[in-house]
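Peer 1: This is the structure, below, for whatever I ask next.
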Amino acid sequence: MSVAGKTVLVTGASRGIGAAAAAEFAQAGARVVLAARTIDAITQLSAALTDAGHQSMAVACDVADYGSVSRAVTAGEAAFGPVDILVNNAGTIDPIGLIAESDPAAWSQAIDVNLKGVFYGARAVLPAMMARRSGVILTVGSGAAHGPMEGWAHYNAGKAGALMLTRAIDKEAGPAGIISVNLSPGTVATQMQREIKASGINPISELDWSDHIPPDWPARAGLAGRTGWCAICRAGSVAQKPRDTRRHRAGVTRG
């Protein structure tokens with residue numbers, strides 16, 4: 001199924017997987033809304049896509065604030081029409097630290113981004129999607145949803161919650177034609193991995209930069225999920241790469 005002419009909103013689009021996903025969808029003919037807190041970065045990325053002949057726009061968005069998410073959706077729809085595909089990509093690994101030593105406010109902020117941000121995005125687009133009986137919500141997940149790691153309790157909890165939220169969306173909105181997918185890409189060469197490396201807390205921090213996959217791989221997988229994988233997602237997970245004991249499992253899960 002083609003994404004040409006579809007409206008795609010990508011959160012956390014200023015760098016890493018989000019920026020790569022925005023580029024992949026734009027190159028496939030979608031009208032892309034790049035959403036992030038760092039407006040300067042997404043403005044530059046959007047300008048580059050526009051200069052290349054693609055349709056895109058940048059909009060400031062803090063996924064930890066429902067009002068900000070709702071305004072971003074409204075702005076995107078005013079420019080390009082109803083959001084057909086939401087990519088819940090925004091996430092944070094901060095604060096890396098042991099539970100007994102963690103700052104409660106920072107821990108709570110991580111949950112606001114990694115879990116509540118996914119809910120806010122879904123809540124903002126679902127009513128209209130369900131009314132049209134069409135739409136895709138793609139959430140970037142993690143192997144951290146399935147297995148705890150030292151220093152990552154906030155990330156484990158947030159990603160596990162986001163996975164269950166993906167399944168809940170499928171349960172409630174699937175009958176209305178909505179596709180809710182969770183993509184677990186494995187470890188990706190982004191700024192997050194630099195922060196993990198600097199922490200030195202768990203085995204993931206010991207990986208070399210070359211052990212991580214490039215951000216355009218999961219971006220392409222997200223596009224494939226929209227155009228080809230969705231018909232088989234209910235069967236379980238689809239591996240992006242052969243499993244490596246040093247990596248998280250990579251795959252796609254629906255419902």
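Peer 1: Mind listing which trypsin sites (Lys or Arg not before Pro) in the stretch 79-142 are in a DSSP loop and have 15 or fewer other Cβ atoms within 10 Å?
Peer 2: Arg133
Peer 1: Further question on the same structure: Mind checking the full-extension length gain between Glu150 and Arg167? Use 0.36 nm per residue of separation minus the Cα-Cα distance, one decimal, nm.
Peer 2: 3.5 nm
All of the numbers you see were taken from the coordinates with simple rules; none came from a lab. Fair warning: this is a prediction, and the values are worked out from it, not measured in the lab. No Cβ is skipped: glycine too gets one built from the backbone with ideal geometry, and neighbour counts run over all protein chains shown.
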